[in-house]
Amino acid sequence: MLNLAKLTPIFKPNISASIVSQTAWAVLRVVIGAMMIHNGLDKLSNIESFAQAYVEVIGLPFPIFFSYVAAFTELLGAPLIALGLLTRPAALGLFSTMCVAMYHHVKVAGFSIPYLELSAIYAACFLFFVVNGAGLFSVDALIANWLDTNALTAQAKRVMRLERAYEATSTAAGKVAR
């Protein structure tokens, strides 16, 4: 019989349980996911050109196949990152794609920061999500809690529910009313 609690580590985020840090984490995840989608669309718009200009240049076999792999990794992985669903596997695929892009830039232009900067920034962001997960404001955190009710601390669950902010607002409103 499948023990669903064993799947929890895939979904459970590393936690800094404050609303501010988790909000920043979620904003980064949504922005980086939304920005990456266009890269996959660009590849698909002219897959042969991408295969010739990028994949063949670095010597990968089956350039059309690997071009489709890169495009669909970006098209499927980026929205998953934005939602915070299967974040670690999606981020690993996107991190790998960005590492190949950085290799391409180094091979073509040497160690040139203007060519490397965007793929390096993307790679660093995706590596962050591979290591840390999606954060508390994500579908992954909900799934981790569903799979194992002990997966998240009571503090993390309060942050997920924004109870601390609500309690602070209620207390402040009560003091003003007196």
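Taken together, the values in this text are just the output of simple stated rules run on the coordinates, not laboratory data. Please read all numbers here as calculations on a predicted model, not as lab measurements. Reconstructed Cβ throughout: ideal geometry from the backbone, glycine too, with neighbour counts over all protein chains shown.
Quick check: the angle from helix 113-132's long axis to the longest principal axis of the chain, C-alpha only, nearest 10 degrees?
Between the helix axis and the principal axis of the chain, the angle is about 40 degrees.
If you place +1 on the Cβ of every Lys and Arg and -1 on the Cβ of every Asp and Glu, how big does the dipole about the Cα centre of segment 1-125 come out, in debye to the nearest 20?
500
Once you have a ≥ b ≥ c as the square roots of the Cα gyration tensor eigenvalues for segment 35-128, tell me rounded if a/c is under 1.5, and otherwise prolate or oblate according to whether a/b is larger than b/c.
Here segment 35-128 falls in the oblate category.
Looking at the chain, I'd like the Rg to Rh ratio, where Rg is from alpha-carbon atoms and Rh is Kirkwood's inverse mean 1/r.
Using Cα coordinates only, the ratio equals 1.12.
Quick one: angle between helix 87-109 and the longest Cα principal axis of the chain, in degrees between 0 and 90, rounded to 10, please.
With rounding to tens, the tilt is 40 degrees.
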